[in-house]
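**Student:** Before we start, here is the structure in question, set down as structure tokens.
The values are calculated or read from the model by the stated rules, or taken from the named source; none is laboratory data. Predicted model only: the values in this text are computed from it and were never measured. Every residue, glycine among them, receives a Cβ derived from its backbone with ideal geometry; neighbour counts consider all protein chains shown. Each accessible area value is taken on the protein alone, full model and side chains, heavy atoms only, with ligands, DNA and RNA left out. Shrake-Rupley method; radii C 1.70, N 1.55, O 1.52, S 1.80 Å.
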Amino acid sequence: MKILLANPRGFCAGVRRAIEMVQTALARFGPPVYVRHAIVHNRHVIERLEEAGAIFVEEAEDAPRGALLVFSAHGVSPAVRAAAAARDQRVIDATCPLVHKVHGEAARSARAGREILLVGHADHVEVQGTLGHAPECTTVVEDLGDAESVSLPRGASVSVLTQTTLSIDDTRQIIDRLHERFDRLEMPKKSDICYATQNRQDAVKALARRASHVLVIGSPESSNGMRLVETAARAGADVRRVEDETELDAAWLAGVTTLGVTAGAAVPDCVVSRTLRALEAMREGCVGLEELSGAEELLRFAISSAAFPSEAAS
Ligand code: SF4
């Protein structure tokens, strides 16, 4: 069996920054540091941070008054900020800057009196955060059926925003349909779907062109990871998702001659390496590993020292 490794794969700039912010808070203030929602959607990342003293909660109300509270990379609504302020919590905001950009677009569209169609998964924490910036004028569009049934007049002034981690192909279809339905549709200058989502989907398509089977490493909660599964399947590959090497299925691998491997944006390199080692151990006939070429990702998000409170919470 030959293994082809997608490029790029694994951590994006927003995930790196968010994890580093929790680590810095722990180092600077000591545990406990509370984190609202999984900082990024990966079990291994969560477990490592818990061992270091992070405590994950779902809402600001679940953390004590005055606690240090980190907002996850997925972003929060103004209502969540208000709940944290009401509890005198000292907030460290690890929202990905690319999600912040979408929040700004939502607020600007609402101020301009436009209706917002937010393409995304209604139950995803990022969509809830964006929706919360303009709840009175936002409708979530999950699929083509929703695009069909939005009940606004044809001439309505409409802004389209999207979740950052959607399927590029599905979103294009939904937006095309919205363009057909509304005459005054405005899109952001630059797509809300982030560079990391785009690059990983392009990379998995390249993988599926050469490999009959594709293994996607990532957690089921990870939106961008699950989109990689769908993208590879649509490209014709037989696809499996695993959290890590413990979930590898020898029966599925039997007889595979070319296996493509990729990882979602929240997956640490060490989990990818462990999975590759386990694959090689399971298949003694492994004839090597080839890393495909792909988009070079140089983007890094700086962390301002102003992001941290000047002293520890009481
Ligand atoms: S997947 Fe995109 S939007 Fe999400 S954290 Fe990474 S860079 Fe930011």
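**Student:** Given labels modelled 7 Å from the Cα in the Cβ direction, how far is it in nm from Ser157 to Glu51?
**Tutor:** With each label placed 7 Å out from Cα toward Cβ, I get 5.5 nm.
**Student:** Could you list which residues have their amide H under 5 Å from that of Arg241, counting only those 5 or more apart in sequence or on another chain, with H placed in the peptide plane?
**Tutor:** Val216
**Student:** A further question on this structure: Semi-axes of the equivalent ellipsoid for region 13-96, please: Cα gyration tensor eigenvalues, times 5, square-rooted, ordered largest first, whole Å.
**Tutor:** 18, 14, 11
**Student:** Can I ask one more? Sorting check: for 20-31, 201-212, which peptide has the highest mean count of neighbouring beta carbons within 10 Å, and how do the rest follow?
**Tutor:** Top of the packing list down: 201-212, 20-31.
**Student:** What ranking, highest mean first, results for peptides 238-250, 128-140 when packing means the other Cβ atoms within 10 Å averaged over each residue?
**Tutor:** Top of the packing list down: 128-140, 238-250.
**Student:** Which one of Gly66, Gly145, Gly75 has the biggest mean-square fluctuation once the chain is modelled by GNM with Cα springs under 10 Å?
**Tutor:** Gly145
**Student:** Shifting gears a bit: Mean shadow of region 98-186, computed from the convex hull of its alpha carbons, in nm²?
**Tutor:** 5.1 nm²
**Student:** Working out 0.36 nm times the residue gap between Ala233 and Glu61, then minus their Cα-Cα distance, what length gain in nm do you get to one decimal?
**Tutor:** 57.9 nm
**Student:** Amide H to amide H, which residues 5 or more places from Thr258 or on other chains are under 5 Å from it, using H placed in the peptide plane?
**Tutor:** Long-range HN contacts for Thr258: Lys2, Ser212, His213.
**Student:** Suppose R0 equals 22 Å; then what is the FRET efficiency for His44 and Arg209 from their Cβ-Cβ distance, rounded to the nearest 0.05?
**Tutor:** 0.15
**Student:** Now for a different question. Tell me, what HN-Hα J-couplings in whole Hz come from the Karplus equation 6.51 cos²θ - 1.76 cosθ + 1.60 at θ = phi - 60° for each residue of region 134-139, using x for Gly and Pro?
**Tutor:** Each residue of region 134-139 in turn: 7, x, 6, 10, 10, 10 Hz.
**Student:** How much of the accessible area of the chain, in percent, comes from carbon and sulfur atoms when a 1.4 Å probe is used?
**Tutor:** In the chain, the share of accessible area belonging to carbon and sulfur is 50 percent.
**Student:** If the reach is capped at under 21 angstrom between alpha carbons, list the lysines near Lys101, excluding any in the same chain fewer than eight residues apart.
**Tutor:** Lys101 reaches Lys189, Lys190.
**Student:** Rank Asp93, Asp192, Asp169 by mean-square fluctuation in a GNM of the chain with C-alpha springs under 10 angstrom and give only the top-ranked residue.
**Tutor:** Asp169
**Student:** Would you list the P(r) distribution for region 155-314, with all Cα-Cα distances sorted into 5 Å bins from 0 and each bin expressed as a whole %?
**Tutor:** 1, 8, 14, 17, 16, 12, 10, 8, 6, 4, 3, 1, 0
**Student:** Enumerate the amide H contacts of Val70 below 5 Å, restricted to partners 5 or more residues apart or on another chain; note that Pro and chain-start residues carry no placed amide H.
**Tutor:** Excluding prolines and chain starts, which carry no amide H, the hits are Tyr34, Val35, Arg36, Ile92.
**Student:** With viscosity set to 1.567 mPa s at 4 °C, what whole-number translational diffusion coefficient in µm²/s follows for the chain from Stokes-Einstein and a Kirkwood radius over Cα pairs?
**Tutor:** It diffuses with D of about 63 µm²/s by this estimate.
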